[in-house]
Amino acid sequence: MLMIYIIGFIVSLGLALGLTPLVKKFAIKVGAVDVPNARKVHTRIMPRLGGLGIFLSFVITFFLLLPFLPDVFSVREVNFIKAFLVGGTITVLLGAFDDRFDLPAKLKFVIQIATACVVVFVFDIRIEFANIPFHTYAAVETWVAIPFTILWIVGVTNAINLIDGLDGLAAGVSAIAIGTIAVMSFLMGNVMVALLCLLLLGSIIGFLYFNFHPAKIFMGDSGALFLGFSLALLSLLGFKQIAIVSFLTPLILIGVPLSDTMFAIVRRWMQKKPIFSPDKGHLHHCLRELGFSHRQTVLIIYGIAAFFGVLAVIQSSAAMYNANWVTFVVICVMVFFLQIGAEVIGLIGKTKRPVLDFLARMRMKAGAERGTK
């Protein structure tokens, strides 16, 4: 199997390097291009549809390797592969049509829900167990499992779109998250998910060659939605059991877009603006305002995503051995650094720094006490 992993990764990477330029020409020919506006960083018309290059490289490599895969997958894992391929195809086609025709948000949302329903009802992929910290596993009632799973798939499918604002940013963060799931899958002996992750990782890295700054092509909604869908499903079966406690791990994995969205909501609420109103207060905007270059900003966010990935591996490994106190520590560390980082960068607002102000007051108080001794 190790040789299959290596070959699969190399083939998918090579295919992405070869197919992406062809996708770029196709995008220009059909008019699937991104036009600059006041909210966008790029200043020239750029081809989209890059997600097609990622998807095609992944699918072609999978079917090339299929005859050589050992017959060790369970019926449930085979259903998962089918759900991944069918749902992924629908998602990438939805994104491709949106890249070309700018589909209405409501229509996209309805199709995403329908895709999640196909995964749940046709292929029977859903949450099966709940593990409340410091308690044992318990079966989840169907009426809870179905809507929760659908909500999870739709929510994570849209997560990558939230950070698709700089060259190579969304693709790189997705690669780090998927690479982390691959590591956890190897640790847990889940060979099927590990294989899918490596094929997808090779496809993303090959695409990144053309997408890193200065980008020659954007991945568009076809890429952002497909990678989000992939993260949603791979995190569902990246563990021995689909359990609610396991959802903390993928939440950490998408910590960059998730935290950026949370701080955006808080920022707009404090500024008395509509929650869904666009602004230039996102993480990458704030880092650019601090004087970092385009590449430096992307690399800094890569570092943040890698930090979340390390936390996810620690939390997931601890969950394997029921060391729930580690999960508590991971959450505390993550929340602390998120808040400090948000205040330093200015994600909430330029003057809203409650924790930093509190620490400064404590430091001044401690200094004054030492001075009186």
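The values are calculated or read from the model by the stated rules, or taken from the named source; none is laboratory data. As the structure is a prediction and not an experimental result, all values here were calculated from the model. No Cβ is skipped: glycine too gets one built from the backbone with ideal geometry, and neighbour counts run over all protein chains shown. Just so you know, the surface numbers come from the protein's heavy atoms only, side chains and all, with ligands and any DNA or RNA stripped out. Shrake-Rupley method; radii C 1.70, N 1.55, O 1.52, S 1.80 Å.
Return a yes/no flag: does the stretch 56-74 have any residue that is open to solvent by less than 40 Å² (accessible area, probe 1.4 Å), on the phi > 0 side of the Ramachandran plot and of a type in the set (G, A, S).
Among the residues of the stretch 56-74, not one is open to solvent by less than 40 Å² (accessible area, probe 1.4 Å), on the phi > 0 side of the Ramachandran plot and of a type in the set (G, A, S), which makes the answer no.
Suppose we keep only residues that are under 15 Å from N158 (Cα atoms) and in contact with a helix residue (DSSP H, G or I) (Cβ under 9 Å, 6 or more places away or on another chain) within the stretch 94-106. Which one would you say is surrounded by the fewest Cβ atoms within 10 Å (Cβ to Cβ)?
If we take residues in the stretch 94-106 being under 15 Å from N158 (Cα atoms) and in contact with a helix residue (DSSP H, G or I) (Cβ under 9 Å, 6 or more places away or on another chain), then L103 is surrounded by the fewest Cβ atoms within 10 Å (Cβ to Cβ).
Check the stretch 137-154 and report whether any residue there is within 24 Å of H213 (Cα to Cα) and either crowded, with 19+ Cβ neighbours inside 10 Å or modelled with pLDDT under 90 (or both).
No, there is no match, as no residue in the stretch 137-154 is within 24 Å of H213 (Cα to Cα) and either crowded, with 19+ Cβ neighbours inside 10 Å or modelled with pLDDT under 90 (or both).
Please work out which one of (1) over 30 Å from V191 (Cβ atoms); (2) in a helix (DSSP H, G or I) is the condition L17 fails and give its number.
Looking at each condition in turn, L17 falls short on (1).
For residues that are open to solvent by 10 Å² or more (accessible area, probe 1.4 Å) and either modelled with pLDDT under 70 or touching a His at 6+ places or on another chain (Cβ under 8 Å) (or both), tally how many sit in the stretch 219-249.
Going through the stretch 219-249 one residue at a time, the tally reaches 8.
For G14, are the conditions met, namely being in contact with a Ser or Thr (Cβ under 7 Å, 6 or more places away or on another chain) and either under 27 Å from A182 (Cβ atoms) or of a type in the set (V, I, T) (or both)?
Here the answer is no, as G14 does not meet what is asked.
Count, please, the residues in the stretch 268-326 that happen to be modelled with pLDDT of 80 or more, surrounded by fewer than 20 Cβ atoms within 10 Å (Cβ to Cβ) and among the small types (G, A, S).
4
How many of the residues making up the stretch 163-178 are under 9 Å from the mean Cα position of the chain (by Cα) and open to solvent by 10 Å² or more (accessible area, probe 1.4 Å)?
Total satisfying the criteria: 2.
Among the numbered criteria (1) open to solvent by less than 60 Å² (accessible area, probe 1.4 Å); (2) out of contact with any helix residue (DSSP H, G or I) (no Cβ under 7 Å at 6 or more places or on another chain); (3) over 21 Å from G172 (Cβ atoms), which single criterion is violated by A27?
(3)
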